[in-house]
Amino acid sequence: MAEGAVEVRQLRRMFKGRRKSPDVTALDGVELVISAGGGPGPLGPNGAGQTTLCKILSPVLLPTSGQASVGGHHVVRE
């Protein structure tokens, strides 16, 4: 991954549907690079995946696929 404070590559997060409900895709192919000192936050309509992205970067949730790092630390491995 390149040099950025926050980097997200092809991030995907799926949630299993309950009972007969279909699976839900919260994030699908998200790409994001925020430089050190940058300050944009995730914006979008309700249900667009902002909270899911923040939880993956925290890391409260694990991504279904893709890569994410914060400050050079991979959110899954470290």
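The values are calculated or read from the model by the stated rules, or taken from the named source; none is laboratory data. On a predicted model such as this, the values are computed, not experimentally measured, just so you know. For neighbour counting, all protein chains shown are included, and Cβ atoms are generated from backbone atoms with ideal geometry for every residue, glycine included. These area figures cover heavy atoms from the full protein model, side chains too; ligands, DNA and RNA do not enter into them. Shrake-Rupley method; radii C 1.70, N 1.55, O 1.52, S 1.80 Å.
Just give me the residues in region 49-64 being open to solvent by less than 50 Å² (accessible area, probe 1.4 Å) and closer than 15 Å to Thr25 by Cβ, in sequence order.
Gly49, Gln50, Thr52, Leu53, Ile56, Leu61, Pro63
Just give me the residues in region 26-78 being among the acidic types (Asp, Glu) and assigned to a loop (DSSP other than H, G, I, E, B), in sequence order.
Glu78
Report the residue count in region 16-26 for those that are hydrophobic (A, V, I, L, M, F, W, C) and open to solvent by 70 Å² or more (accessible area, probe 1.4 Å).
So the count comes out to 1.
Against the conditions (1) within 13 Å of the chain's Cα centre (by Cα); (2) surrounded by 14 or more Cβ atoms within 10 Å (Cβ to Cβ); (3) at pLDDT below 90; (4) not β-branched (Val, Ile, Thr), where does Gly41 fall short? Just the number, please.
Tallying (1) within 13 Å of the chain's Cα centre (by Cα); (2) surrounded by 14 or more Cβ atoms within 10 Å (Cβ to Cβ); (3) at pLDDT below 90; (4) not β-branched (Val, Ile, Thr), Gly41 fails exactly one: (2).
Report yes if Val8 is assigned to a loop (DSSP other than H, G, I, E, B) and in contact with a Leu (Cβ under 8 Å, 6 or more places away or on another chain), otherwise no.
No, not satisfied.
Contact list please: Cβ distance under 8 Å, first residue in region 31-51 and more than 25 Å from Met14 (Cα to Cα), second residue open to solvent by less than 90 Å² (accessible area, probe 1.4 Å) and part of a loop (DSSP other than H, G, I, E, B), pairs at least six apart or on different chains.
Short answer, once both residue conditions are applied: Ser35/Gly4; Ser35/Ala5; Ala36/Gly4; Ala36/Ala5; Gly37/Ala5; Gly38/Ala5.
Suppose the filter is touching a residue at least 40 places away in the same chain (Cβ under 8 Å) and either open to solvent by less than 70 Å² (accessible area, probe 1.4 Å) or on the phi > 0 side of the Ramachandran plot (or both); does Ala5 pass it?
yes
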